[in-house]
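Report on the structure given below.
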């Protein structure tokens, strides 16, 4: 036996099992039981020290290239408030005087009135260099006057069909670009070269491993802003043996094209069959986000005074066309991964999956809908009926400034109560999977699991819709076995004899502690096929 894990508890992907030891041989689980240690036969011993051994976490919706890129540029994500942002931007500009553009991101919408910063505040610290900084959710960007000028954006520039330019009373752009309007500037950014992409992806991989993550679904494989396509970087890492995670890529659906792109997607899928890296999913972004009122709603948003507006958000893909596209993708054997925030977008996605099932029959493509912010109660049972997985980003289900100031007043009380309905989905038999959407939010699964169980963080007093909380085992299962299933990685996500030894070790056992301490746990080590990719836990030989 290669490695023996002793002196702790095991969560096997569905069930908590205290008092067991686990043996690994040749990268797979060889034995599980209380007496495995007596049959160790010279294995290297890892003392769990009362912690928890569990399957490696699998992030079902993440953007590692963007996360690694932002960590290497002007990263505002650890900061808050205009002053801190300006200080960081000024320091970055001084540190890299030779960079043509100042770029990065991570600013929070609640730090600005109405969630929209001004170009003038960016001008004060960037001078005559163009600057373009995406916000934390990547659905908006802050541009300075130089960037707007270079892009030719002025009072006469129309809003694109899938976006909006923030303007003053005279129609002049003020510095915030929403959704598709970001491309008016991002198309001018110098593209990241291949070496930058490889470095960003390696940094992201190491960072994700530090949180016990052994695999993920990259939610955008395709041209994205100035970063280009992450695919060549993945291919290089896979071919050189430096890709230590298991990755399923979601090929980007270009919403300004139609079904004519499907043959191209099929050819890309055929070409991307590498060790630990495959692309068998297609990602469709069906709407925007609630904070800028581009999430697609069945009924219009309210204004700040509580009156209905004429705006019910944007469906990026025509609903009838979506049905046809999803049906064709399903027939071609693709998994379809749909971003939905609003209840109309979720219904449009479910309608498309229903059409595909009616025309193609049932299959094992394992479609999923990500984010699940607002789901009409009538649509919750449809996830189980249609075998569509519910992809949670649980960290968002809390009272915090973005929810309190930019979401609840504009959704109104009824729709506020429909947000992140994890327990209702579980009760109807829906399959739960989980991801982070990093760099939109923290990639740490334990932080998200803490919120899924408590519906609050340590910084918030009141739980958000506590009736939608799920238990610890369910949340852990979603982030391990559930997400491995959605990635078609059936040999992972579980601790069972014969399964691949993709594992994580926690420094404590959260099943023996109060639920409000879940997020205090830390990952001590991460293994892929029994080989350490983070931490050093091996000790003596028996």
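Compared with the dominant principal axis of the Cα atoms in the chain, helix 231-240 is inclined by about 20°. Among beta bridges identified by DSSP and lying wholly in the range 257-486, the antiparallel ones come to about 20 percent. Between the helical axis of 82-95 and the dominant principal axis of the chain, each derived from Cα atoms, what acute angle in degrees is found, rounded to the nearest 10? Approximately 80 degrees, to the nearest ten.
Starting from the Cα coordinates of the chain, work out the convex hull volume and express it per residue in Å³. Spell out each step's value before the answer.
Numbers: hull volume 79.0 nm³, N = 542.
Each residue corresponds to 146 Å³ of Cα convex hull volume.
Considering only beta bridges that DSSP places wholly inside the chain, some 45 percent are antiparallel. Remark: spin-label model distance residue 149-residue 199 equals 3.0 nm, labels positioned 7 Å along the Cα→Cβ axis. For a modelled paramagnetic label at residue 303, 7 Å from Cα along Cα-to-Cβ, the residues of the range 86-118 in reach, with backbone nitrogen under 17 Å, are 114. The length gained by stretching the chain between residue 311 and residue 460 to full extension, at 0.36 nm per residue less their Cα-Cα distance, is 50.5 nm.
Under 1.5 on a/c is rounded, so check that first for the range 235-324, then, if it is not, pick prolate when a/b is larger than b/c and oblate when it is not; a ≥ b ≥ c are the square roots of the alpha carbon gyration tensor eigenvalues.
Values: a/c = 4.94, a/b = 2.15, b/c = 2.30.
Oblate is the answer for the range 235-324, as a/c is 1.5 or above yet b/c matches or exceeds a/b.
Residue separation of residue 362 and residue 512 scaled by 0.36 nm, minus their Cα-Cα distance, works out to 49.9 nm of gained length.
Okay, which of the range 279-323 sit inside 17 Å, backbone N to the point 7 Å along the Cα-Cβ direction of residue 266? Within reach of a label on residue 266, which here means backbone N under 17 Å from a point 7 Å along Cα→Cβ, the range 279-323 contributes 279-282. Descending by average beta-carbon neighbour count within 10 Å, the peptides 282-295, 166-179 line up as 282-295, 166-179, the highest first. Please report how far the C-alpha centroid of the range 325-370 lies from that of the range 89-143, rounded to the nearest whole angstrom. Comparing the Cα centres of the range 325-370 and the range 89-143, I get a distance of 37 Å.
Expected output is a single nm value to one decimal: the length gained when fully extending between residue 331 and residue 94, i.e. 0.36 nm times separation in residues minus the C-alpha distance. What is it? Working shown, then result.
Details: separation 237, 0.36 × 237 = 85.32 nm, distance 5.33 nm.
Result: 80.0 nm gained on full extension.
Among 248-260, 447-459, the peptide with the highest mean count of other Cβ atoms within 10 Å heads the list, and the full ranking is 447-459, 248-260. For residue 520 and residue 496, a Förster radius of 30 Å and the Cβ-Cβ distance give a FRET efficiency of 0.55, rounded to the nearest 0.05. Here the range 257-486 is treated as an ellipsoid with the same Cα gyration tensor; its semi-axes, largest first and in whole Å, are 29, 22, 16. Please give, to one decimal in nm, the separation of the simple spin-label points placed at residue 123 and residue 86, each 7 Å out from Cα toward the Cβ. With each label point 7 Å from Cα toward Cβ, the separation is 1.4 nm.
In angstrom, the C-alpha Rg and Dmax of the range 101-186 are 11.5, 32. Its residue count N fixes a reference of 2.2 N^0.38 Å for the range 55-212, and the Cα radius of gyration divided by that reference is 1.07.
Taking the C-alpha atoms only, the angle from helix 262-271 to the longest principal axis of the chain is near 40 degrees.
Here the label points at residue 531 and residue 49, each 7 Å from Cα along the C-beta direction, are separated by 2.6 nm in the simple model.
A short reminder: the numbers here are calculations on the coordinates, not readings from a lab. Here the structure is a predicted model, which means the values were calculated and not measured. A quick note on method: Cβ atoms are made from the backbone with ideal geometry, for glycine too, and the neighbour counts reach across all protein chains shown.
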